[in-house]
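The values are calculated or read from the model by the stated rules, or taken from the named source; none is laboratory data. Predicted, not measured: the structure shown is a model, and the values here were computed from it. Neighbour counts run over all protein chains shown; Cβ positions are idealised from the backbone, glycine included. Surface areas here come from the heavy atoms of the whole protein model, side chains and all, with no ligands, DNA or RNA. Shrake-Rupley method; radii C 1.70, N 1.55, O 1.52, S 1.80 Å.
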Amino acid sequence: MEVVYEDNHIIVVNKACGELVQGDRTGDEPLVETLKRWVKEKYAKPGNVFMGVTHRIDRPTCGLVVFARTSKGLSRMNELFKQGKVEKTYWAIVDKEPLPSRGTLTHYLTFRQQGNRTTASLKPVSGAVKAVLNYRLIASGERYHLLEVELLTGRKHQIRAQLSAIGCHIKGDLKYGARRSNPDGGIGLQAHRIHFVHPVSGKDIDLVAPIPDDALWQALAAEARRNGNDV
């Protein structure tokens, strides 16, 4: 577990792929419980430790997740997310170059519990929710490409489903069309940057996740840097 920011009210963690943010039916220990134990040990806190989940990212995804250390921090962060005042930028390694190289995707998503999968449609369908994201190509290698994705809505499996719908499958994401899995069981999707105004202190919080320790990630990030992108 890697803590990238911490104050009295919030804590931001760089989640590894495979880690759960919050508990599920698997019974595996979620990150929120690991954090509670970490805080308890670090500060020798007696009794229960408060730790609130403000948002989630998929288990096979890596990157930045914000937790709240106080009830005030939790309620105010929840309000920021509700009002769309938290900017979330993802990086995705995909197997096909999108055409055009930058644009906006709008789909209507239907999530099915059976199979734990989201379907993207170009037209409204019964029970679907609207999903919007911006993307741009920031680097290319011999076989894979790196996209920067700005989420304008927060839907379950949104990036995975929408990119798959245009034929750009995220590396390792078998559920959404990738041809093979990654050795670590994760997918090539990172919650790369998060930006918001601290809901208690008013401080500008702008955090970027470290590039995963992986040859392909490192190579594409270096190419993105050469192309003039902040890494």
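For helix 215-226, what angle does its Cα long axis make with the longest principal axis of the chain, in degrees from 0 to 90 and rounded to 10?
80
Using the Cα gyration tensor of segment 59-106, with a ≥ b ≥ c the square roots of its eigenvalues, what is the shape: rounded (a/c below 1.5), prolate (a/b larger than b/c) or oblate (neither)? If you can, show how the numbers build up before the last one.
Numbers: a/c = 4.73, a/b = 2.07, b/c = 2.28.
Oblate.
Most fluctuating residue of Pro46, Pro183, Pro98 in a GNM of the chain with Cα springs under 10 Å: which is it?
Greatest mean-square fluctuation among the candidates belongs to Pro46.
Considering only protein heavy atoms and a 1.4 Å probe, what is the carbon-and-sulfur percentage of the accessible area of the chain?
Within the chain, the accessible surface is 47 percent carbon and sulfur.
Under a GNM of the chain (C-alpha, springs under 10 Å), which listed residue has the highest mean-square fluctuation: Gly84, Gly115, Gly103?
Gly115
Mind ordering 62-69, 200-207, 7-14 by average Cβ neighbours within 10 Å, highest first? Don't jump to the answer; show the numbers that get you there.
On the way: 62-69: 23.9, 200-207: 12.2, 7-14: 18.9.
Descending mean neighbour count gives 62-69, 7-14, 200-207.
How far, in degrees from 0 to 90, does helix 71-82 lean away from the longest principal axis of the Cα atoms of the chain, to the nearest 10?
Helix 71-82 and the main axis of the chain meet at about 20 degrees.
Mean separation of Cα pairs under 8 Å and 6+ residues apart, divided by the residue count of segment 1-71: what relative contact order is that in percent? Numbers along the way, then the final one.
Working: 121 pairs, mean separation 28.0, N = 71.
Computed value for segment 1-71: 39 percent relative contact order.
Give me the number: length gained by fully extending Glu150 to Asn48, i.e. 0.36 nm times residue separation minus the C-alpha to C-alpha distance, one decimal in nm.
Gain on stretching Glu150 to Asn48: 33.1 nm.
On a 0 to 90 degree scale, rounded to 10, what angle separates helix 31-43 from the longest Cα axis of the chain?
That helix lies at roughly 40 degrees to the long axis.
Based solely on C-alpha atoms, express the radius of gyration and the Dmax of segment 179-225 in angstrom.
Reported Rg and Dmax, both Å: 15.0, 46.
In whole percent, what relative contact order does the chain give with Cα contacts below 8 Å and a gap of six or more residues? Intermediate values should be presented prior to the final figure.
Values: 473 pairs, mean separation 45.5, N = 231.
Value for the chain: 20 percent.
Longer than 18 Å from Cα to Cα, which of Lys42/Lys203; Lys82/Lys130; Lys88/Lys171; Lys15/Lys88 are they? Say none if no pair is.
Values: Lys42/Lys203 24 Å; Lys82/Lys130 16 Å; Lys88/Lys171 20 Å; Lys15/Lys88 15 Å.
Result: Lys42/Lys203; Lys88/Lys171 exceed 18 Å.
Work through the residues other than Glu2 whose Cβ is under 13 Å from its Cβ and net out their charges, Lys, Arg +1 and Asp, Glu -1.
Overall, the nearby charge balance is -2.
Which percent of Cα pairs goes in each bin when the distances of segment 1-96 are cut into 5 angstrom slices starting at zero?
So the P(r) values, bin by bin, are 3, 12, 22, 25, 19, 12, 5, 2, 1, 0, 0.
Hey, what does the equivalent ellipsoid look like for the chain, semi-axes from the Cα gyration tensor as sqrt of 5 times each eigenvalue, largest first, whole Å?
29, 20, 18
Quickly estimate the mean residue ellipticity at 222 nm for the chain, helices only: each DSSP H run with n ≥ 4 gives -39500 (n - 2.57), and the total goes over all residues, rounded to 500.
Result for the chain, helices only: -6000 deg cm²/dmol.
Could you do me a favour and compute the accessible area per residue for the chain, 1.4 Å probe, result in Å²?
Averaged over the residues of the chain, the accessible area is 52 Å².
Explain nothing, just compute: Karplus ³J(HN,Hα) = 6.51 cos²θ - 1.76 cosθ + 1.60, θ = phi - 60°, for every residue of segment 84-100 in order, whole Hz, x for Gly and Pro.
Once rounded to whole Hz, the list reads x, 9, 10, 7, 10, 10, 10, 10, 10, 8, 10, 8, 8, 6, x, 10, x.
For the chain, set up a GNM with springs between Cα atoms under 10 Å and report which of Ala178, Ala219, Ala92 has the largest fluctuation.
Ala219
With a/c under 1.5 counting as rounded, go ahead and sort segment 101-231 into rounded, prolate or oblate using the C-alpha gyration tensor (a ≥ b ≥ c being the square roots of the eigenvalues; past the cut-off, prolate if a/b is larger than b/c, else oblate).
Oblate.
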